[in-house]
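Asks: To start, I am sharing the structure in question, which I have written as structure tokens.
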Amino acid sequence: MRETTSGDSCAPPLGSLVSKKTILHDCHVRLGGRIVDFHGWMLPVQYAGVLAEHRHCRSHAAVFDTSHMGQVLISGPDAAAQIARTATQDAAAMRPGLCRYGFLLNAEGGVLDDTILMRLGDEEFLLVVNAGTREADLAWLGEHLSGDLTVRNLSGEGWGKIDLQGPAAAAVLQPLAEPDVTDLAYFTARRSACCGRACVISRTGYTGELGYEIMAPGADIAAIFERLIATEPVRPAGLGARDSLRLEMCYPLYGSELSVSVTPLEAGLGGFLDMGRDFLGAAALRRQAHAGPGRTLAAVQTDSRRRAAPGDEIFFASRPVGTVTSAAFSPSLEVSIAMGYVRPEAAEPDTKLVIRTARADLPATVHPKPLYRDGTARRSGTGNP
């Protein structure tokens, strides 16, 4: 396997406490973004405010800087077969243009990372990984991919990524992109041009709304970002709105719902697995599926605005049954919501639970996922259902 290292010398030394900046950092400062440290990256948590940005994404369009996430280009004649053995996505069965959500697992089935794999060509794949696991993922791939493959760390070469999300996203992007993005189906991707800059555009996202991820070298992604925020009705949005949007959709966050101590089956993500295939961690997952997971990820909704916090204990019939992993006020539902791992008997819809917060006990009810059901993600880019 050949791995390119261009750009890696710009990374801080191992063990450095210096937070990194994305290519768009100066833009965020100029726009008045409140900057926080997120997994070692300086990113905006909000601009005008989390509630306003959340609601604008649900009703119009918002753009998020996700350049902290890793982009890894894997190419070569044996790429599909090797990725299919190393990750849960069946890369060999993907036709060019398709995207698939899946996982990198350890031998026990624990989640090393959740990823999106895009097949850009017959022998070319783009893997998008999380910020906090990026270096570990690259090391993992280096250990498990072999032979005549090239692995390029595009993030290390200065690539960035932005997400344009919201019902108006296609109308905004259509005059700026070539080919026409309204022809791009849900969970597909291709090499494109945006604002005259070469890029990769995928129709995916983390908000539940119609949206696109745009990936390109740093100077190009900066030019595209500037053009988008100058276009009505787009507004920039930060990590706060991104988190409340994904929680309404019950999408997992690595480090909260997902970790090496959690399997996809426990997280309720077995639908993204082909248990008949052999991939790293598959044998352990088959054993767990046969025995039945001892816990499951449940979504709950309260009747008030009082919110829980990660780590709060969850009770069912006065017995402790689990722990909150994520919690927030839901601007769309106008109540507080949460996710957490509980024993299976406490995970059925309409089950009444109690979350013990630092201030008081908070009654909650288990709801089917997602909690927010009016998202536009699967609508056609033309605006039609």
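Asks: Could you run the Karplus curve 6.51 cos²θ - 1.76 cosθ + 1.60 with θ = phi - 60° over the stretch 94-105 and give me ³J(HN,Hα) per residue in whole Hz, x for Gly and Pro?
Replies: Per-residue couplings from phi come out as 8, 7, x, x, 8, 10, 9, 7, x, 9, 9, 10 Hz.
Asks: Beyond 15 Å, how much of the Cα-Cα pair distribution for the stretch 91-130 remains, as a whole percent? Write down the numbers at each step before the final one.
Replies: Working: 331 of 780 pairs.
Everything past 15 Å amounts to 42 percent.
Asks: Further, regarding this structure: Hey, could you pull the Cα Rg and Dmax for the stretch 1-292, both in Å?
Replies: My reading of the Cα-based Rg and Dmax gives 18.5, 55 Å.
Asks: Could you give the dipole magnitude of the stretch 294-367 about its Cα centre, charging the beta-carbon of Lys and Arg +1 and that of Asp and Glu -1, in debye to the nearest 20? Numbers along the way, then the final one.
Replies: Details: 9 positive and 8 negative charges, 43 e Å.
Here the stretch 294-367 has a charge dipole of around 200 debye.
Asks: For the stretch 348-359, what does the Karplus curve 6.51 cos²θ - 1.76 cosθ + 1.60, with θ = phi - 60°, yield as ³J(HN,Hα) per residue in whole Hz, taken in order and with x for Gly and Pro?
Replies: 6, x, 6, 5, 8, 10, 10, 9, 8, 8, 5, 9
Asks: Explain nothing, just the number: relative contact order of the stretch 93-219, from Cα pairs under 8 Å at least 6 residues apart, as a whole percent.
Replies: Across the stretch 93-219, relative contact order equals 21 percent.
Asks: Moving to a separate point now. By what distance, in whole Å, do the Cα atoms of the stretch 294-367 stretch along each of the three principal axes, largest value first?
Replies: Principal extents (Cα only, largest first): 32, 23, 18 Å.
Asks: While we're looking at this one, here's another question. Which lysines, if any, have their Cα less than 24 Å from the Cα of Lys369, not counting same-chain residues under 8 positions apart?
Replies: Hits, sequence-local ones excluded: Lys352.
Asks: Would you mind listing how long the stretch 153-225 runs along its three principal axes, going by Cα atoms, in whole Å with the largest first?
Replies: Largest to smallest, the principal-axis extents are 31, 24, 18 Å.
Asks: What does the charge dipole of the chain about its Cα centre add up to, to the nearest 20 debye, if the Cβ of each Lys and Arg holds +1 and the Cβ of each Asp and Glu holds -1? Present the calculation step by step, with values, prior to reporting the outcome.
Replies: Details: 38 positive and 43 negative charges, 165 e Å.
That gives a dipole near 800 debye.
Asks: With an 8 Å Cα cut-off and a minimum separation of 6 or more residues, compute the relative contact order for the stretch 31-167 in percent. Could you put the intermediate results ahead of the total?
Replies: Values: 245 pairs, mean separation 45.1, N = 137.
Computed value for the stretch 31-167: 33 percent relative contact order.
Asks: Separate question: Among the lysines, which have Cα under 29 Å from the Cα of Lys21 when same-chain residues fewer than 8 positions away are ignored?
Replies: Lys161
Asks: Could you give me the percent of Cα pairs per 5 Å distance bin for the stretch 43-147, shortest bin first, beginning at zero and ending with the bin that holds the maximum distance?
Replies: Going from the shortest bin to the longest, the percentages are 2, 11, 20, 20, 14, 11, 9, 8, 4, 1, 0.
Asks: Can you list residues from other chains, or at least 5 along the same chain, whose modelled amide H is less than 5 Å from the amide H of Leu258?
Replies: Amide H to amide H, under 5 Å and 5 or more residues apart or across chains, Leu258 pairs with Leu253.
Asks: Additional query: Below 8 Å, C-alpha to C-alpha, sequence gap of six or more: please give me the relative contact order for the chain in percent.
Replies: Details: 901 pairs, mean separation 69.1, N = 385.
The value is 18 percent.
Asks: Using the Karplus equation 6.51 cos²θ - 1.76 cosθ + 1.60 (θ = phi - 60°), what ³J(HN,Hα) coupling, rounded to whole Hz, does each residue of the stretch 296-307 give in order, writing x for Gly and Pro?
Replies: Calculated HN-Hα couplings, in order: 8, 8, 10, 10, 10, 10, 9, 9, 9, 8, 5, 10 Hz.
Asks: Quick one: divide the alpha-carbon radius of gyration of the stretch 240-324 by 2.2 N^0.38 Å and tell me what you get.
Replies: On the way: Rg = 15.1 Å, N = 85, 2.2 N^0.38 = 11.9 Å.
My calculation over the Cα atoms of the stretch 240-324 gives 1.27.
Asks: Once each part is reduced to its C-alpha centroid, what is the distance from the stretch 267-284 to the stretch 119-145 in angstrom?
Replies: 18
Asks: Please find the FRET efficiency linking Ala219 to Arg319, where r is the Cβ-Cβ separation and R0 is fixed at 51 Å, and quote it to the nearest 0.05. Intermediate results must be reported in sequence, preceding the final value.
Replies: Details: r = 57 Å, r/R0 = 1.12.
With R0 = 51 Å, the Cβ-Cβ based efficiency is 0.35.
Asks: Considering only the chain, what is the antiparallel percent among its DSSP beta bridges, to the nearest 5? Please list the in-between numbers first.
Replies: On the way: 81 of 90 bridges.
Beta bridges within the chain, antiparallel portion: roughly 90 percent.
Asks: While we're here: Give the peptides 24-36, 126-138, 162-174 in descending order of average Cβ contacts within 10 Å, highest first. Can you show the working numbers first?
Replies: Details: 24-36: 16.1, 126-138: 20.8, 162-174: 24.5.
Sorting 24-36, 126-138, 162-174 by mean packing, highest first, produces 162-174, 126-138, 24-36.
Computed from the coordinates by the stated procedures, all read-outs in this text should not be read as laboratory data. None of the values given here were measured: they were computed from a predicted structure. All Cβ positions, even for glycine, are placed from backbone atoms using ideal geometry, and neighbour counts span all protein chains on display.
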